[in-house]
Amino acid sequence: EWLKTVTPVFDVVFSSYGFLGWLSALEPWAAGVQRALVPGGRLVFLEFHPLLASIGPDWKPRDPYFYPGHVFDEPIGDYVADSGEALTPSGFAPGIQGFQNPHPSAAWQWTVADVLTAILDAGLVLERYVELPYSNGCRFVPTMTPLPGNRFGAPPGEVNIPMMFGAVARRP
């Protein structure tokens with residue numbers, strides 16, 4: 001309720017890498033962004049593509065892309081350690097070898113259409129949409145190919161899928 005009283009003050013709202021999976025509903029997020037932006041202000045986001053959540057460790061389909069709502073109750077692994085130096089620009093330390101997180105988590109699977117529809121339904125105007133064939137910093141599958149700039153691509157010989165997507169939307 002308090003979000004309805006927010007006075008728009010921001011020229012830019014930025015969201016990045018991994019935020020979508022923790023949102024149980026997209027409409028309140030998009031509406032809150034819209035209310036926070038001044039007229040002409042922009043939402044800019046860059047996120048891991050939801051197709052990555054459908055790929056298993058063998059780069060084969062694991063979970064459906066069109067998975068309605070809540071997806072995971074399994075613990076989150078140590079994706080920072082799995083990504084090596086790519087996510088630790090101040091220096092990599094190996095940490096606990098073989099770490100197993102005992103705590104379950106909850107995450108939600110959203111399609112690209114779900115995200116864009118929430119943004120448009122909030123009254124924002126889509127100005128740009130991009131898909132990228134690599135992942136910045138995060139190695140989701142151990143066999144992903146390291147690329148320059150702390151990026152990872154599809155494993156050798158495997159189909160190249162979009163691994164990140166982003167958009168710019170403007171409040172009229």
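Computed quantities for the displayed model
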{"read-out": "Every residue from region 27-49 that is touching a Gly at 6+ places or on another chain (Cβ under 8 Å), surrounded by 19 or more Cβ atoms within 10 Å (Cβ to Cβ) and not charged (D, E, K, R)", "value": "Gln34, Phe45, Phe48"}
{"read-out": "Every pair of residues 6+ apart whose Cβ atoms lie under 6 Å, when the first sits in region 98-122 and is open to solvent by less than 70 Å² (accessible area, probe 1.4 Å) and in a helix (DSSP H, G or I) while the second is modelled with pLDDT of 90 or more and of a type in the set (D, E, K, R)", "value": "Ala118/Glu27"}
{"read-out": "Of all residues making up region 142-172, the number that are more than 30 Å from Gly32 (Cβ to Cβ) and open to solvent by 30 Å² or more (accessible area, probe 1.4 Å)", "value": "14"}
{"read-out": "Test for Pro57: is it assigned to a loop (DSSP other than H, G, I, E, B), surrounded by fewer than 11 Cβ atoms within 10 Å (Cβ to Cβ) and at pLDDT 80 or above", "value": "yes"}
{"read-out": "Selection count, region 133-152, where residues are assigned to a strand (DSSP E or B) and basic (Lys, Arg)", "value": "1"}
{"read-out": "Hits in region 6-17 - residues which are of a type outside the set (A, V, I, L, M) and open to solvent by 30 Å² or more (accessible area, probe 1.4 Å)", "value": "Thr7, Pro8, Phe10, Asp11, Phe14, Ser16, Tyr17"}
{"read-out": "Filter result for the condition that a residue is at pLDDT 75 or above and either over 19 Å from the mean Cα position of the chain (by Cα) or not in a helix (DSSP H, G or I) (or both), over Pro89, Pro156, Pro94, Pro68", "value": "Pro156"}
{"read-out": "Unmet requirement for Val130, which otherwise passes all of (1) open to solvent by less than 80 Å² (accessible area, probe 1.4 Å); (2) in a loop (DSSP other than H, G, I, E, B)", "value": "(2)"}
{"read-out": "Complete set of residues in region 21-51 that are modelled with pLDDT of 90 or more and closer than 30 Å to Gly157 by Cβ", "value": "Leu46, Glu47, Phe48, His49, Pro50, Leu51"}
{"read-out": "Per-region count, region 19-55, residues free of Cβ contacts under 8 Å to residues at least 60 places away in the same chain and not aromatic (Phe, Trp, Tyr)", "value": "7"}
{"read-out": "Residues that are touching a His at 6+ places or on another chain (Cβ under 8 Å) and not hydrophobic (A, V, I, L, M, F, W, C), drawn from region 134-172", "value": "Pro162"}
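The values are calculated or read from the model by the stated rules, or taken from the named source; none is laboratory data. All values reported here derive from a predicted model rather than from experimental measurement. Using ideal geometry, Cβ is built from the backbone for each residue, glycine included, and neighbour counts are taken over all protein chains shown. Remember, those area values only see protein heavy atoms, side chains included, never the ligands or the DNA or RNA. Shrake-Rupley method; radii C 1.70, N 1.55, O 1.52, S 1.80 Å.
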